[in-house]
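Okay, so here's the structure we're looking at.
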Amino acid sequence: MGRNSASRQEEARAGNAALRRDAIRARRPLGEWVMHAPQTLRALVRADEIWLSVLAAFVGLIAGLAVTAMSVGTQLMHRVLFHLAPYERLSGQAEVRALSSVLVPCIGGLALGLLGLVIARFWPRRAVDPIEANALFGGRMSVKDSLVLVGQTMLSNGVGASVGLEAGYTQIGSAMASRLGYAFRVRRNDLRLLVGCGAAGAIAAAFNAPLTGAFYAFELVIGAYTLVTLAPVVISAIVSVSVVRALIPDEYGFDIRVPTAIDPASYLPILAMGMICALAGIAIMRGVTLTEEAFRRSRVPAWLRPCIGGLVVGLLALISPQVLSSGHAALQVGLDAPYALSHIALLLVLKAAASAISIGSGFRGGLFFASLFLGALLGKLFAALLAMVTVVQAIPPVVCALVGMSGLAVAVVGGPLTMAFLALESTGSLPLTVAVVAASVISSITVRRTFGYSFATWRFHLRGEAIRSAVDIGWMRNLTVGRMMRREVRIVRGDTPLAAFRRDYPLGATNRVVVVDDAGHYAGIVLVPEAHAADSKATRLSELLHYDTAFLVPQMTIKDAVAAFEAAEADALAVVDGRESRRVIGLLTEQYALRRYSEELDRRRRELSGE
């Protein structure tokens with residue numbers, strides 16, 4: 001009785017506590033709504049594209065703050081390490097202290113190498129690039145992995161290595177956008193769109209150019225332009241630029257004077273310059289690869305390579321400090337500076353070598369701004385040479401510099417319209433933009449036909465990834481044989497008498513039966529109509545086997561499966577658990593695989609068209 005009474009008292013106390021909780025909730029309906037607000041907001045974002053645009057605005061805010069923090073942080077490192085005045089930029093210096101020029105990149109490279117050892121020990125994962133994330137993983141990125149990459153990029157740029165911050169900008173902007181999209185449980189296509197919004201905000205903030213950022217996202221990260229994607233991407237870019245302008249209003253901007261018109265006769269050399277820029281871009285990308293290969297073959301430990309690379313870059317900086325860092329100030333000075341022909345050629349070689357050595361030795365960063373600077377130098381070199389060999393009025397050097405800047409950036413980075421809008425937003429000149437578009441198109445076509453990759457996709461190719469853009473092909477990897485196969489399979493042993501097989505599987509019951517040997521391993525497929533043929537002289541199934549060496553495994557993608565069907569000339573193949581064990585676990589027909597492939601293609605087409 002005592003135990004029952006105690007149990008009833010405990011139940012009563014629990015019931016009273018539940019009543020008190022209900023009363024509190026009734027008195028605080030706002031608190032109850034706040035508790036369910038995340039679920040409510042997720043439903044709104046998934047149901048209405050307007051709310052997705054609101055989410056994109058938050059992505060732009062985050063991207064703008066991230067770009068500001070990275071820019072201010074690296075500039076502070078430059079001032080402290082290279083003894084700069086508050087408003088001086090490293091690459092714009094006429095000279096840098098010799099000791100700082102040599103020791104800072106060298107010691108910084110050593111610090112980066114040792115940091116790499118720690119990261120490899122405690123955080124061995126590789127950060128996924130925004131292009132790779134959208135192409136293969138449906139926009140899924142890791143913020144922690146991206147923060148590691150951002151830290152390495154800031155350290156590399158901060159110690160003077162000839163790398164840009166743009167790769168770090170887009171990495172953290174896209175990763176934060178991916179994390180925000182994942183928190184709101186958005187669909188796969190919307191998550192890819194948000195990753196593009198993060199990249200758009202990052203590039204827009206980096207160059208104070210919202211249209212440049214938007215089309216960077218369309219051409220390089222999303223892989224397509226549609227009316228559905230327009231609003232979120234543009235909103236993110238505008239918000240990001242607004243944040244940077246509010247926080248550091250005097251940090252960015254070019255003051256460039258360009259002609260009000262371009263003579264139609266000038267378009268022929270401009271198109272030729274586009275082709276020259278393409279060849280130079282290919283040479284730079286190959287040069288980075290060759291430098292990496294040289295460091296690998298040198299047998300120098302990986303952690304020591306950035307130190308050696310930093311030492312070489314520091315020695316090059318003794319000749320010209322403009323090779324240090326990304327080159328923002330050097331580009332601003334170089335566009336209007338009346339450099340001699342020999343100085344332009346020397347600076348072009350030094351900057352190209354410094355960029356290749358920096359990336360090849362292990363510094364983290366990209367070639368975005370380096371390609372702009374090198375392109376401007378190449379354009380001025382082209383203008384000087386053209387003035388020497390032509391008798392008619394030459395193209396103004398500033399026009400050649402801007403066209404070369406865009407043409408070389410298109411060759412290395414990709415995105416002809418991205419660079420065209422960068423020229424338009426930097427100069428406000430429509431005639432110049434038309435010339436840039438012409439050269440960019442020629443550069444893009446030349447690179448695509450002769451090389452086939454941008455710098456980012458070339459790096460993927462070297463790692464063995466078969467992607468050339470951010471167009472979503474991840475669904476092909478998710479559509480595996482294991483997901484498509486039919487698990488209900490009719491299996492018989494190979495030593496089954498033919499008469500018994502005919503009795504158990506009459507005509508019309510099925511078209512094919514999978515055969516295994518006495519150990520249960522896959523042996524082949526028997527076609528039922530062939531087994532019932534009147535002129536068959538076989539007595540056992542093992543004499544009628546087909547496709548004994550052709551089979552599928554669950555990990556195969558739809559692309560691999562279709563290739564296997566074509567190679568075996570089969571309309572159905574068995575699925576085994578492994579190439580060694582060969583235990584039958586399913587069957588897949590070519591007809592069903594092609595139907596699923598067509599359905600997925602049609603779904604992607606509808607997504608691209610905004611249906």
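Each value in this text was obtained by applying a stated rule to the coordinates, not by laboratory testing. Because the structure is a prediction, the values reported are computed rather than measured. For neighbour counting, all protein chains shown are included, and Cβ atoms are generated from backbone atoms with ideal geometry for every residue, glycine included.
Computed values, structure above
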item: Selection from 85, 158, 47, by position along the positive dipole direction of the chain (Cβ); result: 47
item: Cα-centred dipole magnitude for the chain, charges only on beta-carbon of K, R (+1) and D, E (-1), debye, nearest 20; result: 1720
item: Relative contact order of the chain, defined on C-alpha pairs under 8 angstrom at six or more residues apart (%); result: 15
item: Cα-based Kirkwood hydrodynamic radius, the range 81-128, one decimal, Å; result: 13.1
item: Footprinting exposure proxy for 465, 166, 95 (fewest neighbouring C-beta atoms within 10 Å first); result: 95, 465, 166
item: Whole-angstrom gap from the range 370-412 to the range 145-201, using each part's C-alpha centre; result: 32
item: Of (1) 199; (2) 167; (3) 276, the label for volume of the Cα convex hull per residue in Å³ derived from the coordinates; result: (3)
item: Cα-based Rg of the range 475-606 normalised by 2.2 N^0.38 Å, two decimals; result: 1.12
item: Share antiparallel - DSSP beta bridges, the range 475-606, percent rounded to 5; result: 80
item: Residue exposure sequence - 504, 190 - by fewest surrounding Cβ within 10 Å; result: 504, 190
item: Peptides 423-431, 203-211 ordered by average Cβ neighbours within 10 Å, highest first; result: 203-211, 423-431
item: Average Cα contact separation per residue, the range 475-606, under 8 Å, 6 or more apart, as relative contact order %; result: 28
item: Förster radius 25 Å - calculated FRET efficiency between residue 336 and residue 88, Cβ distance, rounded to 0.05; result: 0.85
item: All Cα pairs of the range 425-468, percent lying beyond 11 Å; result: 70
item: Relative packing of peptides 373-379, 119-125, 51-57, 326-332 - highest average C-beta neighbours within 10 Å first; result: 373-379, 326-332, 51-57, 119-125
item: The chain - mean residue ellipticity at 222 nm from DSSP helices (-39,500 (n - 2.57) per run, n ≥ 4, rounded to 500); result: -21500 deg cm²/dmol
item: Binned Cα-Cα distance frequencies in the range 192-278 - 10 Å width, integer %; result: 18, 32, 27, 23, 1
item: Rounded to the nearest 20 debye, dipole of the range 475-606 from Cβ charges on Lys, Arg, Asp, Glu; result: 660
item: Contact order relative to length of the range 264-472, as percent, for alpha carbon pairs under 8 angstrom and 6 or more apart; result: 27
item: Sequence of 267, 169, 87 once ranked by neighbouring C-beta atoms within 10 Å, starting from the fewest; result: 87, 267, 169
